[in-house]
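The values are calculated or read from the model by the stated rules, or taken from the named source; none is laboratory data. Here the structure is a predicted model, which means the values were calculated and not measured. We place every Cβ from the backbone using ideal geometry, glycine too, and count neighbours over all the protein chains shown. Please note that ligands, DNA and RNA were not included when accessible areas were found on the heavy atoms of the full protein model with its side chains. Shrake-Rupley method; radii C 1.70, N 1.55, O 1.52, S 1.80 Å.
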Amino acid sequence: MRRWILAFVVLGVVGVGACTLLLPDGLVVKGPILNSILGRGRRAPTDALIARRLRPAEGLSVSIFADGIENARFMRLSPGGSLLVSQPRTGRILLVERDADGDGRSDGNRVLVDGLDRPHGLDFRGGHLYVGETGAIARIPYRESGPDTIEAAGPIERIVEGLPPGGNHWSRTLRFGPDGGLYLHVGSSCNVCEEEDPRRATILRFEPDGSGGEIYASGLRNSVGFDWQPGTNDLYATDNGRDLLGDDFPPCELNRIERGGFYGWPWANGDNRPDPDLGAGHEAEIARAIPPAHGFRAHNAPLGISFVRDPEAPAAYRDAALVALHGSWNRSELHGYKVVSLHWNPAGDIEERDFLTGFAEGDDVIGRPVDVIEAGDGRFYVSDDYAGVIYRMAPQSAAEAARASESGGFFDRFRTGSSDDRTDPLAALPAADRRALASRGASLFDELACGTCHVAAQAEAGAVVKPLRELAGRYTLDALTAYFLTPQSPMPIFDLPEADRRALAVHLLETHGD
């Protein structure tokens, strides 16, 4: 029996790998989703990797504030300044302690509430912590005298039960609006279908005690994040477009939410284009659908959104909206994996700019932003459920700004090593050793059939080639040698001694450094 189970698992893994290379664009499975299927996790990036990869907006720095936080999803600051983060997989709400010792990192964390059913969204009102569970809205009384002092002061009370649970989109984000109402999103049960429960693919509104439930807006496939614009109190929500229509359609959306508004799903996508599977016969519904206020690239998966209200925030970002793009999973080329800012001009048009980028380089993904919130004093927190970390973005100090200016600023982030070997990570090797290692590495490249994935002339018909380029700007010799121990899936792990791994690294840096 065990042999059959093992064979099934092996066939599944092989099948997933084949899909990654051979299936058409609409069915490609790659990136972090593929790693999850194959059981490959991601550790928190090192400070050196963060310095090389992550690129914050001008005037800001970025660093890890807390790590080891499995499945870090939505965050909220309590009235007393405590930072909470939800962990749906563990059923917990975690308190992430402040940096009291001044070393730049959280001093630790502790469980505030346990035993919840996939908790996601959080908010505070009237002495209670409100939590969106997959099938209910829970609230817990709490007491707090300042940062990190928060504690539960009573049992969990479920003020709304019987919400449609599970399905493809099980997360429930909730927030209190400026009108005092409790707003909750319920995503669709599927990629595209006609739902039996009318509460699916909606934003619901309740009174704070859970009464008066109503469908506030519908036709929203998966509006995980929403917030109210300062000055107008207009409600804006992100929305994830459907899958399996190719790399570039449909766009993900930002919608301006109106009470009673209908936003197109499942009969229309993007700017009210009829869905190829379900649109026919629903022309009337499509005609009354409200088109998006802004379109993100297809499959970017926008999640958390927060308008910038902090007067200490950089002037260029005040009143902008920050959006966490979780990143694509079924594009032939990954996209998203960053935080962007949205800026409204006087005419009401929206411009999208990069705010924190570098989580993905090609197929190499080091993180997936989920939520972004303000932390006061011009700081921001970004949660990452892939690496299990919370990043802190803060205004650069005078010393940091000077170092960035002296070292070349933005472009210096792509360089490695000292000023003497940035253009050639092999410069320190004696010439004879370099030639010998490069020759041995070339033989290994051929023996291991690396060209079938990386050289077009050697690849099988229909395979997606992963070209090697600019390795010298991304790796030192030691870093590339170490990379072969834990390569990015779907690259296989070869059991090579360190000398062979080093030789292969020399060959690649020689031939694919530029």
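For region 230-239, a residue qualifies if it is out of contact with any Lys or Arg (no Cβ under 9 Å at 6 or more places or on another chain) and either on the phi < 0 side of the Ramachandran plot or at pLDDT below 95 (or both), and the qualifying residues are GLY231, THR232, THR238.
Yes or no, residue by residue, for (1) among the acidic types (Asp, Glu); (2) more than 23 Å from VAL370 (Cβ to Cβ):
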residue	(1), (2)
GLY181	no, yes
GLU195	yes, yes
GLY210	no, yes
ASN233	no, yes
GLY241	no, no
GLY246	no, yes
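Considering only residues that are assigned to a loop (DSSP other than H, G, I, E, B) and open to solvent by less than 20 Å² (accessible area, probe 1.4 Å), look in region 341-367 and name the one that is farthest from ALA324 (Cα to Cα). My answer is ILE366.
Going by what's in this entry, would THR481 be described as at pLDDT below 70 and within 23 Å of LEU54 (Cα to Cα)? Here the answer is no, as THR481 does not meet what is asked.
Residue by residue through region 295-340, note down the ones that are open to solvent by less than 20 Å² (accessible area, probe 1.4 Å), under 19 Å from ASP234 (Cα atoms) and part of a strand (DSSP E or B). PRO302, LEU303, GLY304, ILE305, SER306, PHE307, ALA321, LEU322, VAL323, listed by residue number. Within region 327-385, the residues that satisfy the criterion of being within 14 Å of the chain's Cα centre (by Cα), within 16 Å of ASN300 (Cβ to Cβ) and among the β-branched types (Val, Ile, Thr) are VAL339, VAL340, THR357, VAL365, VAL370, VAL372, VAL382. Residue count for region 230-246 under the criterion of being of a type outside the set (Val, Ile, Thr) and surrounded by fewer than 17 Cβ atoms within 10 Å (Cβ to Cβ): the result is 5. Of all residues in region 269-300, those satisfying the criterion of being without any contact (Cβ under 8 Å) to a residue 24 or more places away in the chain and hydrophobic (A, V, I, L, M, F, W, C) are ALA280, ALA284, ILE286, ALA287. Taking the criterion of being in contact with a helix residue (DSSP H, G or I) (Cβ under 8 Å, 6 or more places away or on another chain), part of a strand (DSSP E or B) and open to solvent by 10 Å² or more (accessible area, probe 1.4 Å), the residues of region 253-277 that qualify are PHE262, PRO274.
Looking for something among the basic types (Lys, Arg) and either in a loop (DSSP other than H, G, I, E, B) or under 28 Å from the mean Cα position of the chain (by Cα) (or both) - is there at least one such residue anywhere in region 144-161? Full working, then the answer.
Going residue by residue through region 144-161, those that are among the basic types (Lys, Arg) are 158.
Retained after the next criterion (residues that are either in a loop (DSSP other than H, G, I, E, B) or under 28 Å from the mean Cα position of the chain (by Cα) (or both)): none.
No, the conditions are met nowhere in region 144-161.
Kindly provide the set of residues from region 484-514 that are at pLDDT below 80 and open to solvent by 30 Å² or more (accessible area, probe 1.4 Å), ordered by number.
LEU485, THR486, PRO490, MET491, PRO492, ILE493, PHE494, ASP495, ASP514
All told, ASP371 meets the bar of being closer than 30 Å to ARG73 by Cβ, open to solvent by less than 60 Å² (accessible area, probe 1.4 Å) and at pLDDT 60 or above.
On the stretch given as region 111-138, residues that are open to solvent by 10 Å² or more (accessible area, probe 1.4 Å), within 19 Å of ILE203 (Cβ to Cβ) and charged (D, E, K, R) total 3.
Report whether or not PRO88 is surrounded by 18 or more Cβ atoms within 10 Å (Cβ to Cβ) and not hydrophobic (A, V, I, L, M, F, W, C).
Numbers: surrounded by 18 or more Cβ atoms within 10 Å (Cβ to Cβ): yes; not hydrophobic (A, V, I, L, M, F, W, C): yes.
So PRO88 passes the test.
How many residues are in a loop (DSSP other than H, G, I, E, B), crowded, with 18+ Cβ neighbours inside 10 Å and not β-branched (Val, Ile, Thr) if we restrict to region 211-225?
Number satisfying all stated conditions: 6.
Going through (1) open to solvent by 40 Å² or more (accessible area, probe 1.4 Å); (2) more than 21 Å from SER211 (Cβ to Cβ); (3) in contact with a Leu (Cβ under 8 Å, 6 or more places away or on another chain) one by one, THR149 falls short only on (3).
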